[in-house]
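Just below is one structure, and these are the notes that go with it.
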Amino acid sequence: MDWRWALFSFEGRLPRAPFWIILAAYLIGLPFVSVMLKRLSFLGPALALALDIAFYPAIIWIAFAVAAKRLHDRGKSASWLLLYALAPMLLGQIATGMTGIPTHGHSAILLSYMRWVLALWSSIELVILPGIRGPNRFGPEPGL
């Protein structure tokens, strides 16, 4: 597999098995790298900030690129990432009142439930459900 394509390109399709490998590396490696970046803070706050500024956008890019290709394998465009990734974050911010939109009691609970249902469905869509068999508008069926 071309790892540069898998990690950085938004084009093509990515089947479940390589997605699982990348997801496992992401979930194991991200906390490790984050701790290592914090340990480099002895180099000074400016350098630590520069490392954070360089590291986190790259990690977000990789996450979105891999998820976009996985959605392509499911026959969906990458614009679904707005619903799957950004909507749960926004709902969480609204539910906790961090956006300035007042939420109380039942509305905050409902927003939290909506957030978790959406996050669960996106996880099922990306991690569990198989890709569409045969070619689709995003390319031929990927081989392993």
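The values are calculated or read from the model by the stated rules, or taken from the named source; none is laboratory data. The structure presented is a predicted model; accordingly, all values stated were derived computationally and were not measured. Here Cβ is always computed from backbone atoms with ideal geometry, including for glycine, and neighbour counts include all displayed protein chains. Just so you know, the surface numbers come from the protein's heavy atoms only, side chains and all, with ligands and any DNA or RNA stripped out. Shrake-Rupley method; radii C 1.70, N 1.55, O 1.52, S 1.80 Å.
Quick check for me: using +1 on Lys/Arg Cβ and -1 on Asp/Glu Cβ, what's the dipole size of the chain about its Cα centre, in debye to the nearest 20?
So the magnitude is around 160 debye.
Among (1) 51, 31, 24; (2) 47, 46, 21; (3) 86, 53, 25, find the value of Cα extents along the principal axes in Å that was calculated from the structure presented, and write down its label.
Here Cα extents along the principal axes in Å agrees with entry (2).
Tell me, in nm to one decimal, what length is gained between Ala108 and Trp20 on full extension, where the rule is 0.36 nm per residue of separation less the Cα-Cα distance?
Separation in residues times 0.36 nm, less the Cα-Cα distance, equals 28.4 nm.
Among the complete DSSP H segments of the chain, which ones combine at least 24 Å of alpha-carbon extent along their axis with a mean Kyte-Doolittle hydropathy of -1.0 or more?
16-39, 45-73, 106-123
Evaluate E = 1/(1 + (r/R0)^6) for Leu129 and Leu47, where r is the Cβ-Cβ distance and R0 equals 41 Å; express this FRET efficiency to the nearest 0.05.
0.45
Could you state how much accessible area Asp52 has, in square angstrom rounded to the nearest 10, with a 1.4 Å probe and all protein chains kept in place?
40
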